[in-house]
Every structure is written in structure tokens, then in C-alpha cells.
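*Asks:* What follows is a single structure, and I will ask about it in a moment.
The values are calculated or read from the model by the stated rules, or taken from the named source; none is laboratory data. Source: prediction; values computed, not measured. Heads up, the Cβs are rebuilt from the backbone with ideal geometry, glycines too, and the neighbour counts pull from every protein chain shown. Calculation scope for accessible area: heavy atoms of the full protein, side chains included, ligands and nucleic acids excluded. Shrake-Rupley method; radii C 1.70, N 1.55, O 1.52, S 1.80 Å.
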Amino acid sequence: MSTGVDVPTGLRERIADGLSNRKSFRASRSVRKATAPAQGGVVTSAGAACAVLIAAAGALWALQPQKTAPVAPPVQSQVTEVETKPTASMELKTVAKSAWEKPLERPADWHFRWTFEAGVPADLLVMKGNWNWNRATKSMEIPQNVAILPAHLLGPDPLLITAHGEALDVNRRLFHTLTLEGNDRKLVPIHRWERRELLVSRTVKLDCYFYHRRAVLLMNDRPGLVVEFNGDVTDAAMVLQFDNYNMRDLIATPVSETDLPDFVKNPEPIIKDMSELK
């Protein structure tokens with residue numbers, strides 16, 4: 001099943017170049033090869049396109065690939081739990097009407113949980129690459145690089161994005177990165193710090209906190225990347241990039257100031273142990 005349509009001439013290449021040129025942080029471990037995931041129906045989801053990518057942060061872990069073969073397409077599912085109401089909007093001009101018919105909007109409530117019982121939710125748009133629906137495990141397998149845009153704008157309040165899943169292969173890198181789409185403004189990283197981590201489990205939880213001008217990425221609750229932007233992320237759209245990952249769900253959770261981890265509000269203690277990326 002495709003969540004998009006053909007990309008305008010030249011735009012796919014520009015998106016691919018923008019997404020691939022990322023500074024990254026690594027976590028590695030020498031482990032035995034794990035058993036492959038249960039076999040089920042898999043469907044390749046091709047990419048749709050969006051505006052020019054203007055900001056980036058990355059995370060890279062040493063793991064390995066999973067190959068699958070496409071079969072019959074699934075029925076498209078919808079995002080569960082929350083109805084959204086627009087408070088701000090941004091035209092997604094380069095995505096065809098059949099792929100996404102509405103402007104990107106800031107939802108009244110940013111509580112979302114995307115799951116994959118029936119395939120790809122309608123508002124997870126593939127910007128680059130492919131991912132495969134595993135009907136048996138109700139998950140999305142990402143053996144190669146894919147970039148996904150949740151079709152909603154970030155709000156002014158702190159937000160946590162969490163992906164639950166596993167490395168498809170522990171002998172190859174697992175890649176997780178973030179880019180931002182702006183609405184007629186340039187939003188670029190001005191400082192980035194990384195820390196290399198050891199992979200201690202095949203199970204991988206990936207987190208990303210958004211807070212004013214900052215994004216903090218974690219793997220299995222360990223901060224690994226801190227990014228400071230030149231402006232607030234409010235009303236930007238995020239593009240999440242993964243590689244060598246089996247995603248079981250993707251969750252967005254608003255976070256109050258009081259519940260926000262101290263290292264997100266004040267990252268100075270953790271960046272002392274990190275290297276700044278130039």
C-alpha cells in the first residue's frame with residue numbers, strides 16, 4: 001500500500017540528499033545474530049514528498065538488516081484515540097491531493113498513538129524510502145532508510161515522541177534521525193552534541209523531546225544527542241527517519257514543565273560528557 005504518490009521531478013533527490021547528510025552519534029556492541037522476526041505478509045509503502053528540509057539531528061547505532069518480500073496490500077488504518085482541530089496550518093504543497101488533502105495543522109490535543117494492526121495510518125506520510133507492513137507481527141519493518149512525516153504541526157508546549165520496537169539485525173547499524181519542516185522560515189541547528197553509547201538490548205526504545213528551541217534524542221532512556229535550533233519549533237513539522245528497525249508503535253505525548261526531565265530543560269550536565277558536532 002502506498003501512502004503517497006509520485007514525487008515531482010527532482011524533489012525526491014533533494015529530499016534524499018538533505019536527509020542523508022546528517023551528523024550522527026553511535027552505540028555499538030558485538031553480539032550474536034538474533035533470530036529473524038516472525039514471517040507475515042509485508043507490503044512496501046512508497047514515498048510522498050514535502051517542502052524543503054531545513055533542520056537536522058541524528059542518531060546512529062551499529063546493528064544489521066532484515067529483508068522481506070512484498071505481498072498483497074493491507075487495508076489502510078486511521079490514527080486512534082484523538083480527533084484533531086486546527087489552531088494553525090501549513091500547506092503541504094508538493095504532496096498530491098490523493099496523498100493528503102488537507103494543510104498540516106496544529107492539533108488541539110497532541111496525544112496520539114499510531115499502531116499497525118491494519119497497515120499504515122493515514123496521517124503518517126512517507127517522504128523517502130519504503131517500509132514494510134508485517135501482517136503477522138502488526139509492525140512496520142524498516143530494513144532500509146525511511147523518512148516519515150506525521151501530518152501535524154508541533155505546538156508551543158513540550159512534546160515527547162516515542163517509538164517502541166527492535167533492531168531487525170544486531171550486526172548492522174540502527175539509524176534514527178530527525179529533520180524539521182518550516183513554514184516560510186529557516187529553522188536550522190546551531191549547536192549539536194552527541195554521546196556514543198553501547199547497545200545493551202535488542203529491544204530499542206527511541207525517544208525525542210521537543211522543548212522550545214531544543215530537541216533531545218534518547219535510546220533506551222539514555223540521552224545521546226542534544227540539538228539547539230535558531231528558533232522555536234512551534235508550528236514546524238517533524239520528519240522522523242529510521243533504518244534497520246522494526247516499529248511496533250509510535251506515540252506522541254504532551255509533557256508538562258513539571259514532568260519534563262531536568263536534562264531536557266537544562267542539558268549542561270549531560271553535554272559535558274558529549275562531543276559537539278561541527
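*Asks:* From ARG214, ARG172, ARG195, grab the single residue that is open to solvent by less than 50 Å² (accessible area, probe 1.4 Å), at pLDDT below 90 and touching a Pro at 6+ places or on another chain (Cβ under 9 Å).
*Replies:* From the options ARG214, ARG172, ARG195, the qualifying one is ARG195.
*Asks:* Another question, if that's okay. Do the conditions hold for LEU277, that is, is it modelled with pLDDT under 90 and open to solvent by less than 50 Å² (accessible area, probe 1.4 Å)?
*Replies:* Considered against the rule, which asks whether it is modelled with pLDDT under 90 and open to solvent by less than 50 Å² (accessible area, probe 1.4 Å), LEU277 comes out as yes.
This table checks each residue for (1) assigned to a strand (DSSP E or B); (2) open to solvent by 30 Å² or more (accessible area, probe 1.4 Å); (3) hydroxyl-bearing (Ser, Thr, Tyr).
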| residue | (1), (2), (3) |
| --- | --- |
| VAL233 | no, no, no |
| MET238 | yes, no, no |
| GLN241 | yes, no, no |
| ARG248 | yes, yes, no |
| ILE251 | yes, yes, no |
| ASP259 | no, yes, no |
| VAL264 | no, no, no |
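*Asks:* Exactly one of (1) in a strand (DSSP E or B); (2) in contact (Cβ under 8 Å) with a residue 60 or more places away in the chain; (3) surrounded by fewer than 19 Cβ atoms within 10 Å (Cβ to Cβ) is unmet by ILE190. Its number?
*Replies:* Of (1) in a strand (DSSP E or B); (2) in contact (Cβ under 8 Å) with a residue 60 or more places away in the chain; (3) surrounded by fewer than 19 Cβ atoms within 10 Å (Cβ to Cβ), only one is false for ILE190: (2).
*Asks:* Okay, next question. Taking the options ASN145, ASN220, name whichever one is within 28 Å of SER275 (Cβ to Cβ), touching a helix residue (DSSP H, G or I) at 6+ places or on another chain (Cβ under 9 Å) and surrounded by fewer than 20 Cβ atoms within 10 Å (Cβ to Cβ).
*Replies:* Going through ASN145, ASN220 in turn, the sole match is ASN145.
*Asks:* With respect to GLN78, determine if the residue is within 16 Å of LEU250 (Cβ to Cβ), open to solvent by 20 Å² or more (accessible area, probe 1.4 Å) and either of a type in the set (Val, Ile, Thr) or modelled with pLDDT under 80 (or both).
*Replies:* Yes: the conditions hold for GLN78.
*Asks:* Here is a check on your reading of the model: is LEU178 at pLDDT below 95, crowded, with 23+ Cβ neighbours inside 10 Å, closer than 20 Å to GLU141 by Cα and touching a strand residue (DSSP E or B) at 6+ places or on another chain (Cβ under 6 Å)?
*Replies:* Yes: the conditions hold for LEU178.
*Asks:* Does ASP109 meet the test of being open to solvent by 10 Å² or more (accessible area, probe 1.4 Å) and in contact with a Phe, Trp or Tyr (Cβ under 9 Å, 6 or more places away or on another chain)?
*Replies:* Taking the combined requirement at face value, the residue does not satisfy it.
*Asks:* Taking LEU153, is it modelled with pLDDT of 90 or more, in contact with a Pro (Cβ under 9 Å, 6 or more places away or on another chain) and crowded, with 22+ Cβ neighbours inside 10 Å?
*Replies:* Yes.
*Asks:* Name every residue in region 132-144 that is modelled with pLDDT of 95 or more and within 14 Å of the chain's Cα centre (by Cα), in order of residue number.
*Replies:* Those that are modelled with pLDDT of 95 or more and within 14 Å of the chain's Cα centre (by Cα): MET140, GLU141, ILE142.
*Asks:* So which of VAL239, VAL264 ends up being over 20 Å from LYS128 (Cα atoms) and in contact (Cβ under 8 Å) with a residue 12 or more places away in the chain?
*Replies:* Answer to the selection: VAL264.
*Asks:* Starting from region 198-219, keep only residues that are assigned to a strand (DSSP E or B), then list their pairs with residues that are basic (Lys, Arg) and open to solvent by 40 Å² or more (accessible area, probe 1.4 Å) whose Cβ atoms are within a distance under 9 Å, requiring at least 6 positions of separation or different chains.
*Replies:* Every condition considered, the pairs that remain are TYR211/LYS265; ARG214/LYS265; LEU218/LYS205; MET219/LYS205.
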